[in-house]
Amino acid sequence: MDIRGRAALVTGANRGLGRVFAQALLAAGASRVYAGARDPSSIDDPHLMPVRLDVTSARDIAVAAESCADVEILINNAGAMFATPVLAPNSDDVLRREMEVNVFGTLAMAKAFAPVLARNGGGALVNMLSVVSWYVYPFNGTYGATKHAALAITDGLRIQLRAQGTRVIAVYAGLIDTEMGAALSSGPKTSPQQVVAKTIEGIRTGQEHVIADDSAASLWQATRQDLIKKHADMQARWDQHMTAARTQG
């Protein structure tokens, strides 16, 4: 799909990966880029079109679908992550909060904009997922659960929207160098520019699964060749963490 002359909408576009997505789409020749954010005043790039958009708000989504009726590319980028193991005291509350954005928000956007994309010739719907869509990282278990669910939603959308000509694209990456990534680890991270460049290439070439960095490439192979071993590796990391915690305590 040629991005030149197309209208696009990016959720969570006021910072981090979403901001890079919005700017890169303009650079790729998009005619108009709607920048969705809970606070439109946080969009400070005059070349973008701010849109009030909280993906957990049915009203915001409905208004956006009506006012952004020329959208041909939808980037579901908005996400929430609170780095919480599944048995943490607050895990039930955290899981609900993450699910509202990462799963129900993604689904609500897709349902609202699928008719818009259909009227505009099909277009592309891009869901920003994660390598933890494929396995459980125990230190971030609730988030992983939402990304497993988001992957299932994405695969379901791909099947149902193929007939209207909408390309549904899943994007997978490891740790990205954004505020969200920094909250989880101080280790090496992929630049958001790389993730976005890979995604734009995927839109242009019609890919359905974009492997956006080396971490995703490695884990894509590992989880398909020996998922049991990957789970054993995660068990070992968790056990090591708990042993260290007991020693320090």
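Selection of helices (runs of 4 or more DSSP H) fully inside the stretch 116-234 by the criterion of at least 1 residues being under 30 Å from Asp70 (Cβ atoms) and free of Cβ contacts under 8 Å to residues at least 12 places away in the same chain returns 141-161, 192-205. With (1) surrounded by fewer than 20 Cβ atoms within 10 Å (Cβ to Cβ); (2) closer than 16 Å to Ala22 by Cβ; (3) touching a Phe, Trp or Tyr at 6+ places or on another chain (Cβ under 7 Å) as the list, and Leu74 as the residue in question, which single condition is left unmet? So Leu74 meets the others, but not (1). Pairing each residue of the stretch 6-21 that is of a type in the set (Phe, Trp, Tyr) with any residue that is part of a strand (DSSP E or B), provided the two are 6+ apart or on different chains, yields C-beta distances under 9 Å for Phe21/Ala8; Phe21/Val10; Phe21/Val33; Phe21/Ile75; Phe21/Val126; Phe21/Met128.
Condition check ((1) of a type outside the set (Asp, Glu); (2) buried (at least 21 other Cβ atoms within 10 Å of the Cβ); (3) modelled with pLDDT under 95) across all residues:
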position: Tyr143; (1), (2), (3): yes, yes, no
position: Ala170; (1), (2), (3): yes, yes, no
position: Gly187; (1), (2), (3): yes, no, yes
position: Ile203; (1), (2), (3): yes, yes, no
position: Ala217; (1), (2), (3): yes, no, no
position: Gln225; (1), (2), (3): yes, no, yes
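The values are calculated or read from the model by the stated rules, or taken from the named source; none is laboratory data. A quick note: this is a predicted structure, and the numbers were derived from the prediction, not measured. Because the Cβ atoms are built from the backbone with ideal geometry, glycine has one as well, and the counts that use them run over all protein chains shown.
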